[in-house]
1. Go through segment 3-78 and name the trypsin sites (Lys or Arg not before Pro) that are in a DSSP coil and have 13 or fewer other Cβ atoms within 10 Å of their Cβ.
2. Return the calculated 222 nm mean residue ellipticity for the chain, to the nearest 500 deg cm²/dmol, obtained by summing -39500 (n - 2.57) across DSSP H runs with n ≥ 4 and dividing by the residue count.
3. Of all chymotrypsin sites (Phe, Trp or Tyr not before Pro) in segment 11-97, which ones are in loop regions per DSSP and have a Cβ with at most 12 other Cβ atoms within 10 Å?
4. Based on alpha-carbon positions alone, could you give the equivalent ellipsoid semi-axes of the chain from the gyration tensor, as √(5λ), descending, whole Å?
5. Which of the GluC sites (Glu not before Pro) across segment 1-58 are loop residues per DSSP, with 12 or fewer other Cβ within 10 Å?
6. Can you tell me how segment 1-40 classifies by the Cα gyration tensor, rounded, prolate or oblate, using a/c under 1.5 as the rounded cut?
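Quick note: the coordinates plus some simple rules give every number you see, no bench work behind them. Not measured: the values here are computed from a predicted model. Neighbour counts run over all protein chains shown; Cβ positions are idealised from the backbone, glycine included.
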Amino acid sequence: MENILQLQFDNELPKPGKTGLDWYIFCSVLELYRNKPILEIGIGNGGSFYTICSYTNKAWAIDSWQYGWDKKPVEENCASLNCNVTFVDIASNEIDP
């Protein structure tokens with residue numbers, strides 16, 4: 001899955017909404033959880049989520065998709081990247097732990 005990061009560097013996938021240093025720190029934290037299940041709440045266009053997928057083989061994506069982001073490209077990209085993703089369509093304020 002390391003090629004996901006390269007696709008982001010090459011602007012073939014959306015990058016996280018982070019600066020270079022923030023992205024480096026984000027990746028450093030993700031490294032601590034390599035190959036462990038990871039959940040992201042609020043997917044947007046998928047930039048951070050694609051980075052997450054490069055560190056794990058199982059991820060959950062929670063988003064209501066109500067604020068102008070389109071879920072379909074995220075689903076298609078995750079499928080083509082062989083990410084094992086469970087999509088949960090719910091607003092973050094409706095999540096019941």
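1. Arg34
2. -10500 deg cm²/dmol
3. Details: sites: Trp23, Tyr24, Phe26, Tyr33, Phe49, Tyr50, Tyr55, Trp60, Trp65, Tyr67, Trp69, Phe87; in loops: Tyr33, Tyr55, Trp65, Tyr67, Trp69.
Within segment 11-97, the qualifying chymotrypsin sites (Phe, Trp or Tyr not before Pro) (loop, at most 12 other Cβ atoms within 10 Å) are Tyr33, Tyr67.
4. On the way: eigenvalues 79, 46, 37 Å².
Here the semi-axes work out to 20, 15, 14 Å.
5. Answer by residue number: Glu2, Glu12.
6. Cα axes put segment 1-40 in the oblate bin.
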